[in-house]
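Below is one structure, written out as structure tokens; the observations come after it.
The values are calculated or read from the model by the stated rules, or taken from the named source; none is laboratory data. It should be emphasised that the depicted structure is a prediction, and the values quoted were computed from it without experimental measurement. Don't worry about glycine lacking a Cβ; one is built from the backbone with ideal geometry, like all the others, and counts go over all protein chains shown.
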Amino acid sequence: MLYREAGQFKTSYRADQRIFPILQDRVVVGALLLVAFVAVPLWGSEYLVSALLIPWLILSLATLGLNILTGYAGQFSLGTAGFMAVGAFAAYGFQLRTPAVPLLLAFVLSGVCAAGVGAVFGLPSLRIKGMYLAVATLASQFFIEWLLTRVGWFTNYSSSGVINAQPMVIAGLAINTPPRRYLLVLAVVATLALAAKNLVRGRAGRAWMAVRDMDVAAEVIGIPMLRTKLSAFAVSSFYCGVAGALWVFAHVGSVDPQAFDLTRSLQVLTMVIIGGLGSVLGSFLGAGFIVLLPLFLPSVLSAVFGTALRPGLLPNIESFIFGALIIFFLIVEPQGLARLWQVTKEKLRLWPFPH
Amino acid sequence: MQFFLEVLIGGLLSGVMYSLVALGFVLIFKASGVFNFAQGAMVLFAALTFVSLEERGLPRWGALLASLAIMLGLALVIERVVLRPLVNQPAISLLMATIGLTFCLEGLAQGVWGSVVKGLDLGIPDVPFDVKGVLVSQFDLFAAAIAGFLVAVLALFFQYTRVGRALRAVADDHQAALSLGIPLQTVWAVVWAAAGAVALVAGLLWGSRLGVQFALSVITLKALPVLILGGFTSIAGAIVGGLLVGASEKLAEVYLGPVLGGGIENWFPYVLALLFLLVRPEGLFGEKHIDRV
């Protein structure tokens, strides 16, 4: 009864093409944004903001990037963290060497750098696909990690390899408290998510989906394969690059190639699959699930087992449960959390009637 | 020249160790189309089980048989719990499931047997001996012999037994095999069991080289370029690919390393595989699939 589009007529093309065509969706999204932009910075505790929301938002952005590539364009990639690292180091480099460039522009430019690198490593996708491509993208992961660790220019010849990120300043305002960092991250993520939502329903997104669904057919109807695949890699890497820059500047505060190892790539891939391939909402849900799970598991486990566990066992049980949950989710809902939301929406539309 | 030969032979022999891990991958990929990311975790699991059983006082052969039995049981459980419900899902879901399995196995192995690094002594002396002035590691030769033996056994098994024929049929075409009455689930269980046995062998050899520890789980990653070079579906390819990767990465480390700054072992095989893919996308011995990308 509550969630029903009956009676909402579209009288103009503009209304027909809205991102959220149903009034209830717009109300909910508006309310969510209001809470996120106003309520959380005002009343959210520091733990909530800096340990939960900031990493969640940043990883959502990276997940969104990979989702564009894997979910929309159908190209597997295991090199996400590599592209995040490119973004992170590029942002550091811009801040270091060209201090005149404002922070936000530096973020954008670091995304552009990552996009360039991503397009180069996307070249093999023109020859290979599927699992072969996934393994090929591992090359980018390892190569980038090695390059950033070995070549001193990137780390400004720091001896330890770990460098502190510069303090963030936007138009004279220091972004140094958790609420401010949160707002910066939120603004960037919200903007890019909106852009992604528009991108995937426009010409570019439809070309990607055509390639994903059947590449031969896509080529026959005149979609240029080269441009489509490389643009998917570039856009995806742009998102990952910005996410990497944010991770370094707004979350951990230090630039370290180790933060972007293969584990991170796998983590982001897990988020994409759990959240749902080819869904912007799913990227956020999947990232939320994977970020929250390790935070809740220990407390749940120690509540269940008490102190009966021998020390050192807990991380292993966590690892086991984490893996088991991934498998469980894949079996129960292979299309991810976004699909669960769809099902819920269908149910809500009919509620309180069963059919 | 002598130094070159030494590096080359050392590389080739260490490549055999990669082949052993790649072999497990190929077995599973060939029969079920599942890209088993958990092979490395299985290697770790098998080696840890063996060492821990031996520590608890089992004789060597007893521990070997017991861990073999445990790997077989594991294969049955994986087939029943993970694979069967995921039949007909896209390849990426299955890949994801094996990534989940990796976490499970790592947690299980270290939770049950502890996460301390354990030494493993197979009783093979690791002293290099001299062949016309070139030093060759005895242990590596032993590993190579084991790998050769395994491949021969697997090849015979695939070629001449009833189950082997069923495996090849399933590898060729799932649906046709099913309609001929070949029990897909049994075949998968057999394949995972075989991969488990291969993982045990690989785990013992790698374990006695590096110590039985968490790092064993990561050697999977070294097997991936091997797979690309050799092709995902070829047992011979796994061996040849392993040799190529082993030799080239050692040569690259020795001759290119000083120029580029060392540590290139980690990515060189991948870049090699990548370049190779551009020329021959299906790998050395992989089946040619005729589809345009």
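Being touching a residue at least 12 places away in the same chain (Cβ under 8 Å) and in contact with an Asp or Glu (Cβ under 9 Å, 6 or more places away or on another chain) is the filter here; which residues of the stretch B:41-63 pass it? B:ALA41, B:LEU44, B:PHE45, B:ALA63, listed by residue number.
Rundown of residues vs (1) surrounded by fewer than 16 Cβ atoms within 10 Å (Cβ to Cβ); (2) part of a helix (DSSP H, G or I); (3) within 7 Å of another protein chain (Cβ to nearest Cβ), yes/no style:
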{"site": "B:PRO85", "(1), (2), (3)": "yes, yes, yes"}
{"site": "B:ILE92", "(1), (2), (3)": "no, yes, yes"}
{"site": "B:THR98", "(1), (2), (3)": "no, yes, no"}
{"site": "B:LEU101", "(1), (2), (3)": "no, yes, yes"}
{"site": "B:CYS104", "(1), (2), (3)": "no, yes, yes"}
{"site": "B:GLY107", "(1), (2), (3)": "no, yes, yes"}
{"site": "B:SER115", "(1), (2), (3)": "no, no, yes"}
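Under the condition of being over 15 Å from the mean Cα position of the chain (by Cα) and assigned to a helix (DSSP H, G or I), the residues counted in the stretch A:175-199 number 9. With respect to the conditions (1) more than 14 Å from every other protein chain (Cβ to nearest Cβ); (2) out of contact with any helix residue (DSSP H, G or I) (no Cβ under 7 Å at 6 or more places or on another chain); (3) more than 17 Å from B:PHE25 (Cα to Cα), B:LEU120 falls short on a single one, namely (2). For A:LEU281, the conditions (1) crowded, with 21+ Cβ neighbours inside 10 Å; (2) modelled with pLDDT of 90 or more; (3) not acidic (Asp, Glu) all hold with the exception of (1).
Identify, please: which residue in the stretch A:98-107 is in contact (Cβ under 8 Å) with a residue 24 or more places away in the chain and over 16 Å from the mean Cα position of the chain (by Cα) and is, among those, farthest from A:VAL86 (Cα to Cα)? The qualifying residue farthest from A:VAL86 (Cα to Cα) is A:PRO102.
Taken together, A:GLY286, A:GLY323, A:GLY282, A:GLY276 contain a single residue that is touching a residue at least 60 places away in the same chain (Cβ under 8 Å) and under 22 Å from B:ARG84 (Cα atoms), which is A:GLY276. Here B:VAL245 qualifies as within 14 Å of another protein chain (Cβ to nearest Cβ), closer than 20 Å to A:LEU133 by Cβ and aliphatic (A, V, I, L, M). Residues being assigned to a helix (DSSP H, G or I) and touching a residue at least 24 places away in the same chain (Cβ under 8 Å) are entirely absent from the stretch A:300-311. Scanning the stretch A:187-210 for residues that are closer than 26 Å to A:GLY253 by Cα and surrounded by fewer than 19 Cβ atoms within 10 Å (Cβ to Cβ) returns A:ALA187, A:ALA190, A:THR191.
On inspection, A:ILE326 does not qualify as surrounded by 15 or more Cβ atoms within 10 Å (Cβ to Cβ) and out of contact with any Gly (no Cβ under 9 Å at 6 or more places or on another chain). Can you list the helices (runs of 4 or more DSSP H) found entirely within the stretch A:10-115 that contain at least 1 residues being out of contact with any His (no Cβ under 6 Å at 6 or more places or on another chain) and crowded, with 23+ Cβ neighbours inside 10 Å? Helices (runs of 4 or more DSSP H) meeting the threshold: A:54-67, A:80-97.
In the stretch B:261-280, of all residues being more than 21 Å from the chain's Cα centre (by Cα) and part of a loop (DSSP other than H, G, I, E, B), the one that is modelled with the highest pLDDT corresponds to B:ARG280.
If only residues of the stretch B:91-117 that are over 18 Å from the mean Cα position of the chain (by Cα) and of a type in the set (S, T, N, Q) are counted, the one that is modelled with the lowest pLDDT is B:SER115. Any idea which residue in the stretch B:16-53 is farthest from the chain's Cα centre (by Cα), counting only those that are of a type in the set (S, T, N, Q) and within 19 Å of B:LYS118 (Cβ to Cβ)? So, considering only residues that are of a type in the set (S, T, N, Q) and within 19 Å of B:LYS118 (Cβ to Cβ), the one farthest from the chain's Cα centre (by Cα) is B:SER52.
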